[in-house]
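Each remark here refers to the structure printed beneath this line.
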Amino acid sequence: MHRLRRLIPILVILLLVGAGAGVWAAFFRPMPTPVRTATVTRQAELSSTIRATGKLDVQNKLSVALPATGTVRTVAVRAGDAVRAGDVLVAMDDARARQNVQSAQDTLDAAQYALTAARNDNRGDFTGIINAEAKVRDAARQLDDARTALGRTLVVAPVDGTVLTVSVAEKQGYNQGQEAVTLANLANLVLLADIDELDVPRLGDNRDARIVFDAFPGQPVTGKLVSVAPLATNRGGRTIYEGQITFARPMGLDLRPGMGADITIATRTERDVLVVPDLAVETIGARTYVTVLHPDGNRERVEVRTGIRANGLVVIASGVDEGTKIVLP
């Protein structure tokens with residue numbers, strides 16, 4: 001009896017320790033890892049894209065050259081001026097040209113006076129009249145040439161447009177054919193995109209572009225990639241091909257040549273497609289698989305055929321149906 005009383009405290013301690021261990025195991029045992037899944041969903045369209053940067057430029061720059069050699073007397077415009085066809089852009093020193101016109105006019109007046117005298121003194125000999133008439137014609141041609149030369153001292157705008165650059169200065173001498181002014185119609189802007197050589201093979205038939213100008217970050221503009229240069233350019237250590245993107249100029253955006261932009265170009269578009277996150281797809285050799293989670297909790301690796309990848313998604317062309325749950329890694 002005495003031994004039993006001594007064992008009772010020990011038994012109580014053992015019971016308490018066992019109960020505590022059970023509570024500890026119940027509350028602190030590792031929880032099962034939850035299964036991450038995604039559902040095969042249908043999407044109206046998915047477009048694969050490439051990214052590029054670019055700058056605005058004018059579509060058709062027009063170089064206006066000096067029509068004659070001489071000294072610039074007046075520069076009538078500056079960069080940014082709007083001009084109409086026929087407006088004077090640059091005036092050359094015309095002192096000598098005016099002297100030549102006056103001299104030619106005097107020569108013509110003298111020839112006409114001589115012709116009149118020959119006709120009045122005619123005594124049946126028409127040789128003098130014929131010679132006088134020839135001198136009048138020659139003098140008239142010389143006067144026309146002198147007036148044309150005087151007209152060439154004025155450089156006028158051949159079309160309506162905006163002055164982009166002025167390359168001459170007053171009181172400086174220049175040769176015939178040197179560029180004086182460049183003009184452009186700023187309504188016809190084009191975006192020149194730097195397309196990386198690695199992206200060129202990805203360009204497909206769908207070349208829709210989304211443009212975000214640096215100056216107007218919250219106002220995207222849609223455009224179209226219309227051409228890609230056949231020759232590459234090395235820029236900043238990169239091999240790039242210059243692409244031209246046209247777009248409808250939006251109202252309210254003060255777009256100007258030289259403005260930068262970020263460009264997203266669609267290379268291929270698939271419509272009414274099934275998609276899953278691209279991380280759910282596993283490629284082994286030449287085959288592609290997803291892991292399907294069945295309603296009973298079982299998993300099955302299923303081979304699928306995929307399409308384009310874009311925005312973290314991949315098109316599932318065949319292998320699983322809409323609504324199927326796919327296990328994510």
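Read-outs throughout are calculated quantities, based only on the coordinates presented, and are distinct from any laboratory measurement. Since this is a predicted model, take the numbers as computed values, not measurements. Note: ideal-geometry Cβ built from the backbone for every residue, glycine included; neighbour counts use all protein chains shown.
Okay, here's what the table says:
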{"item": "Förster radius 45 Å - calculated FRET efficiency between R96 and D121, Cβ distance, rounded to 0.05", "result": "0.75"}
{"item": "Selected from K171, K135, K224 as most flexible by GNM, with the chain as the system and alpha-carbon contacts under 10 Å", "result": "K135"}
{"item": "Protection-proxy order for peptides 213-222, 292-301, each taking the mean of Cβ atoms within 10 Å per residue, highest first", "result": "213-222, 292-301"}
{"item": "Pairwise FRET efficiency - E197 versus A317, Cβ, R0 = 25 Å, nearest 0.05", "result": "0.30"}
{"item": "Per residue Cα convex hull volume in Å³ - calculated over the chain", "result": "308"}
{"item": "Residue list for the range 307-329, given a label point 7 angstrom along the Cα-to-Cβ vector of H294 and an amide N cut-off under 16 Å", "result": "320-321, 324-327"}
{"item": "Mean-position separation - Cα centroids, the range 72-146 and the range 184-227, in angstrom", "result": "54"}
{"item": "Cut-off under 5 Å, modelled amide H: who pairs with I316 long-range", "result": "L274, V275, V276, G307"}
{"item": "GNM result for the chain, Cα springs below 10 Å: residue of R96, R207, R238 fluctuating most strongly", "result": "R96"}
{"item": "Bins of 5 Å, starting at 0 and running to the largest distance - Cα pair percent for the range 87-151", "result": "3, 19, 19, 16, 13, 10, 8, 5, 3, 2, 1, 0"}
{"item": "Share of Cα-Cα pairs in the range 83-125 lying beyond 15 Å, as whole percent", "result": "66"}
{"item": "Estimated FRET transfer efficiency (S227, L253; beta-carbon r; R0 30 Å; 0.05)", "result": "0.80"}
{"item": "Nitroxide proxy distance, nm - points 7 Å out along Cα→Cβ at T37 and A85", "result": "7.1"}
{"item": "Rg(Cα)/(2.2 N^0.38 Å) for the range 65-184, N = residue count", "result": "1.52"}
{"item": "Length added when fully stretched, A44-A169, from 0.36 nm per residue minus Cα-Cα", "result": "39.0 nm"}
{"item": "Set of lysines with alpha-carbon distance to K55 below 28 Å, sequence-local pairs under 8 removed", "result": "K224"}
{"item": "Orientation-averaged projected area, Cα convex hull of the range 193-323 (nm²)", "result": "11.9"}
{"item": "Relative contact order for the chain, counting Cα pairs under 8 Å that sit 6 or more residues apart, in percent", "result": "27"}
{"item": "Amide H contacts of N185 (H built 1.01 Å from N, under 5 Å, at least 5 apart or other chain)", "result": "N60, T162"}
{"item": "The chain, helix-only ellipticity at 222 nm - DSSP H runs n ≥ 4, -39,500 (n - 2.57), divided by all residues, nearest 500", "result": "-8500 deg cm²/dmol"}
{"item": "Extension reserve of the D57-R305 stretch, reckoned as 0.36 nm per residue once the Cα distance is removed", "result": "84.9 nm"}
